[in-house]
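S.K.: What follows is a single structure, and I will ask about it in a moment.
The values are calculated or read from the model by the stated rules, or taken from the named source; none is laboratory data. Computed from a predicted model, the values in this text were never measured in an experiment. Cβ placement follows ideal geometry from the backbone for every residue including glycine, while neighbour counts extend to all protein chains displayed. Only protein heavy atoms, including side chains, enter the accessible area calculation; ligands, DNA and RNA are left aside. Shrake-Rupley method; radii C 1.70, N 1.55, O 1.52, S 1.80 Å.
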Amino acid sequence: MTPIDTILRCGFRHTGRITGRRVRFVFKAAELSSDVRRTALHLVHDRKGGSFRATISLKERTLVFETSDIRDIAALGIAFRNWLEAPHIVARDPFRSMRTPSGPVPLPFHGADGNWATRFDAEGVEHILNPVEHWGAYYETHRDRWLGGLLGAPLRALATDYLAAAGFEPKNPHERFAPDYRLESRPLQDSLDARNIFSPSPINFRLRESTSPDGAVTYEVTAHAPFDGGWSTMPWHLGFRSSDVRDILAMVVAVENWWFEREGPRRLPDERLGIDPGTAGDIINFFGKPGNRRVWNGREVGDCIDLHQPHDAWGHVYVAWRDRWAEMVLSSGEPVPCGTFSSRKRLHCPVFESGFTRVVCAEVGVCIYDGGEEQPVALVRTTGYPDLLPIGRRILEERLQAMPLEARVGAAIEVAALQAIESMQIGPTPALGA
C-alpha cells in the first residue's frame, strides 16, 4: 500500500490541490456528523521527502504538527475525531483510545489541562507536541495498533488460494472472453426442509483481475441477480473493485447475507456477521448504507451499482471482520455454508487455529465474538493480527464444552484465558482522558 493509499485509509480525502511534489488532503472521516465539523484538519504530504505537515484551524489559533512517520498521522486523525465527538461515542469503541495503566486515553495529543499540548517556535507558530515525548511506549504501541487496525493483517496465502477457498473457479482456457473467475452461490439455509425457500437460481459472481504497470493488482467483481426484479434495491447488478482479495470475499458474503435476509429477518451464523462496537447489534452488510444496511451503499452507473469501499464507513471494524472471515474461509478448505443447520458446524474460532500464541492479560472490554456489551475479557496475541484480541468467557466455555475429552487436556490457551478472566479484579472505570 502506497503512502497516499494509507493516508486515505486514515480518514483523509484529496483536496485536488497538488503543488510540485506536495499533495494536499483534508480530514473527512466517514459518518462523522456534520454538526461536529467545527474545525478543519488539513494535511500536506511531501512525496519526495516523505514528510507530513498537519494543520488544525481553530477559531482563534492555528496548530501545526510535523512528522515523518505516517503512524503519527493516523494517531492524530483519530485523536482529532475523538476530540470532535461526544465522549459516549468514543467510549463505545475502546480500540480508538490509547491504553495506559490508569485507563484509556482518547486524546494523547492533549495535556493535563485538557487542551492541545503545544509550544511556540521562534516565528510564533504553535506546534503540537509529539505524544511520544510524554507517553513514550504507550503512545508508540497505540499508533502501531491503530494503523494496523486500519490496514489489516498481511495476507496468509496467495490470492488464488483465497479465491479457491471461497468457491471461485478459474476461467476455462477455451473461453476467450470469459471473466478470469466465476462463482455460483446459492445462499440457502442448510436445513433439509428449507432448501427450496429461496431462489433455485444461483447468484452469479464474475471476477476480473488486472495489473497496472507498477505491478499493483486490482480485482473487479460483479454480482448478477438471479432473476429480473429480484434485487429490489438495485437496477440489475452490483460492481466492486479492490486491491485486496479479502475485500472480494467480504463482498460475496455481504451479497449472500443480503439475499438470505430478503424474506425478512432470519438468524444468520455469528461467523458471517460483524459487531457494531458498544452495541449488541449485528452487521450483516458492511456494504450497505450505515443506518439502512439493506440499501447498497454505492453509485448507480447505468444498470449497475458501483459499491463504495466499506473501509470508508466502518474503518477498523470492517477490516477486523474482513480479515477474520477471510482467514476462516481459507482454513475451511471449501466454500463456507450459509446456514445454521450445517452437518459440519465449526466449533472453533479461527484465531485459535491460526498462530495463537499466549494470553497477555485481562481487562474490561468487548468480546470480538460475543455482542457489543462490555465484560471481562482475556487479551490474547496471535501471529498475523495487528492487535491483541479480546475473548470473552462465554466463547471460551462453549469452546471447551464442544471439545472431546482428550482434546481438553491440550487446551492450555483456553484454560489460561479463563483463569485470567476469573482472577481479574474489576475496579472503578477510569474517566476518559485520565
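S.K.: Peptides 124-134, 314-324, 398-408, 250-260: what's the order by average Cβ count within 10 Å, highest mean first?
M.R.: Taking the mean over residues of other Cβ atoms within 10 Å, the ranking is 250-260, 314-324, 124-134, 398-408.
S.K.: Kindly rank 57-63, 287-293 from highest to lowest mean number of other beta carbons found within 10 Å of each residue.
M.R.: Values: 57-63: 10.1, 287-293: 16.4.
Most protected by this proxy first, the peptides run 287-293, 57-63.
S.K.: When N is the residue count of the stretch 1-148, what does its C-alpha Rg come to as a fraction of 2.2 N^0.38 Å? Please report the intermediate quantities before stating the final value.
M.R.: Working: Rg = 14.8 Å, N = 148, 2.2 N^0.38 = 14.7 Å.
The stretch 1-148 yields a ratio of 1.01.
S.K.: Please compute the length gained on full extension between ARG381 and VAL364, using 0.36 nm multiplied by the number of residues separating them and subtracting their Cα-Cα distance. Mind dumping the intermediate values first?
M.R.: Numbers: separation 17, 0.36 × 17 = 6.12 nm, distance 1.65 nm.
Length gained between ARG381 and VAL364: 4.5 nm.
S.K.: Using a 1.4 Å probe, how large is the accessible area of ASP214, given in Å² and rounded to the nearest 10?
M.R.: It works out to around 120 Å².
S.K.: How far apart, in nm, are the 7 Å Cα→Cβ label points at SER57 and LYS28?
M.R.: 1.5 nm
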